[in-house]
Amino acid sequence: MAPRTFGTFPLQVHPDLQGLPLASPGRRLVAFLLDCVLLFLPSVAIAGAAAVLSLWFTDPAALEALTTLFSGEPHDEARLVESMGALAPVLVRIQAPGLPPSVALAVEESDLTRAGEILSEYSIDVSMSPAGDSSPRGPGHILLEADRLVPRGLRSIALFGVAALYFTFFTARRRAATIGKWLLGIRVRRLDGRPLTWWESFERFGGYLASLGTVGVGLLDFWRDANRRLAHDRISNTVVLRTARGRSRRG
């Protein structure tokens, strides 16, 4: 294989892009925040579905117990103790905040009836946030964090999968803008003028991690880089521009 040499072709800008206005830092950040808001509910739904599927495969008795507890139907003391006892091993495994040590001891001794009796005095609060919640709701409450029910290796997929699909789909091809960017009148363009392929769009999403990995320092490129290109723009060879729609809004 012949050695590669440095060339200017990847750095050349298409004539149609020359002189077009760049998207301002504030406009880009607001667009990104809008996209995050739009992604919140789908991400929570995916996290919840992944938690349910995980329990369905690994501990169907615990899933049935949760269904019984949150069905809204009245149940007698014996049924409550039975459901809480079936749920106890899961609460111990995920180290649910607010769980009393006596429940862990009862589970260790395989006394699920005793564990259920103890838990029947508590309320179970379910957190559906994919980011989790580190604290219980208060005395007498145990917090069941749905994301902890998902195997560790699949948590990142449940957390980032929706975002990856969203940013990849809306930036690829001729769409060239997420919903947030479209509302703010900005658009992603490759330097050579052609639309991003699916893979290039996915690479650009992956580049967000490079920007976040600098703990915010990389955002200084908004002002330090002459073309306001951040790490993910350099990775995908893109630039973010104002559209005619965005310019007309201003004045």
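The values are calculated or read from the model by the stated rules, or taken from the named source; none is laboratory data. Everything numeric here is computed off the predicted structure, so don't read it as measured data. Glycine gets a Cβ as well: all are built from the backbone with ideal geometry, and neighbour counts include every protein chain shown.
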Can you pull out the residues in the stretch 90-102 that are more than 14 Å from L143 (Cα to Cα) and in contact with a helix residue (DSSP H, G or I) (Cβ under 7 Å, 6 or more places away or on another chain)? S102
With the structure loaded, tell me whether A62 is in a loop (DSSP other than H, G, I, E, B), of a type outside the set (S, T, N, Q), buried (at least 18 other Cβ atoms within 10 Å of the Cβ) and modelled with pLDDT of 85 or more or whether it fails that test. no
Can you tell me which condition P151 does not meet? The list is (1) free of Cβ contacts under 8 Å to residues at least 60 places away in the same chain; (2) within 30 Å of L69 (Cβ to Cβ), and all the others hold. (1)
Conditions: (1) over 28 Å from the mean Cα position of the chain (by Cα); (2) among the small types (G, A, S); (3) buried (at least 17 other Cβ atoms within 10 Å of the Cβ); (4) not in a helix (DSSP H, G or I). S110 meets all but one. Number of the miss? (3)
Determine whether the stretch 170-185 contains at least one residue that is in a strand (DSSP E or B), out of contact with any Asp or Glu (no Cβ under 6 Å at 6 or more places or on another chain) and over 30 Å from V150 (Cβ atoms). yes
S102 fails exactly one of (1) assigned to a helix (DSSP H, G or I); (2) at pLDDT 90 or above; (3) crowded, with 17+ Cβ neighbours inside 10 Å, namely (3)
